[in-house]
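The values are calculated or read from the model by the stated rules, or taken from the named source; none is laboratory data. What you are looking at is a predicted structure, and each value in this text was computed from that prediction instead of being measured. Cβ: placed from backbone, ideal geometry, glycine included. Neighbour counts: every protein chain shown.
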Amino acid sequence: MYNPAMGREEFILISTPSEVEMGKSIHESITREYKLSRNPAQVDRVRRIGERVAKVSDRQDYEYHFYLIEEDEMNAFTTPGGNIYVYTGLLEKLKNDDQVASVLAHEIGHCAARHTVKKFQAALGYDLISRIVLSRIGDGTARQITELSSNAAMSIIFSAYSRKDEYEADRLGVKYMHLACFDPGASIETFKILEADSKGPDVPLILRSHPYIHDRIRMAEEEIKALGSKYGPACRRNLSFAQIPIVL
Ligand SMILES: [Zn+2]
């Protein structure tokens, strides 16, 4: 399977329809265990910013969905199937739309590079998934996930990505901000807000699943400097490349 976000072939056994099914099943557990925000202005804001960034994502074979969780913690996470969740505790700390976009663009980067589904694939085990694929059970993978307890699914979701995956999501995040006409420099501001909060006794949840903040700031600064030469001037409206369907 060719991964356009990373420009290379990858071994992903979970098909996009299975991934979307997994996402739906996990979303049902999330709505049972967490309170989704009913503040229409805040919910719309997250959705509007998220959809603007999602339009330029390298991955366009599923729809992205953005949800706001009513929880006084600094956190954001992504589940398989393009579902992205932000906590109100994080949203309140962010000062403008660009900073909100930086969080969503990073999470969209994890989706585009298929990091989230790879975490599930690794946790479920190669043998199990290849047996399911080889026996052509079809949506067996999705069923398998449905049978996972929601605790097990959430512990995979909250587990840390690899350092390499974090750098990739940061690189893609600033790229998407650039292409979607947000200020990529807001990513650095957001890192610094998270960093300032991590000095207290409680490290924000988001940093437990997204560690290595100092190295990430340095790498993101380098990447931001190179954006113009890599992708052309900011706010280029020619997005046709992102609309090329991904062949699976
Ligand atoms: Zn991340």
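Worth a mention:
- Being more than 16 Å from the ligand (Cβ to nearest atom), in contact (Cβ under 8 Å) with a residue 40 or more places away in the chain, surrounded by fewer than 23 Cβ atoms within 10 Å (Cβ to Cβ) and basic (K, R) holds for only one residue in R59, R52, R47, and it is R52.
- Selection status of S102, touching a Phe, Trp or Tyr at 6+ places or on another chain (Cβ under 8 Å) and either of a type in the set (S, T, N, Q) or at pLDDT below 85 (or both): yes
- Candidates I145, I224, I132 - the one that is in a helix (DSSP H, G or I), of a type in the set (V, I, T), more than 15 Å from the ligand (Cβ to nearest atom) and modelled with pLDDT of 75 or more: I224
- Residue, modelled with the highest pLDDT, within segment 195-221, restricted to residues that are among the acidic types (D, E) and within 21 Å of D165 (Cα to Cα): E221
- Of all the listed residues (V117, V56, V103), the sole one being in a loop (DSSP other than H, G, I, E, B), among the β-branched types (V, I, T) and either more than 12 Å from I157 (Cα to Cα) or over 10 Å from the mean Cα position of the chain (by Cα) (or both) is V56.
- Filtered residue count, segment 103-119, keeping only those that are near the ligand (Cβ under 8 Å from one of its atoms) and within 14 Å of H178 (Cα to Cα): 2
- Count of residues meeting criterion [at pLDDT 95 or above, farther than 16 Å from H65 by Cα and assigned to a helix (DSSP H, G or I)] in segment 29-46: 1
- Any hit, segment 23-40, residues being closer than 18 Å to Q99 by Cα and surrounded by fewer than 17 Cβ atoms within 10 Å (Cβ to Cβ): no
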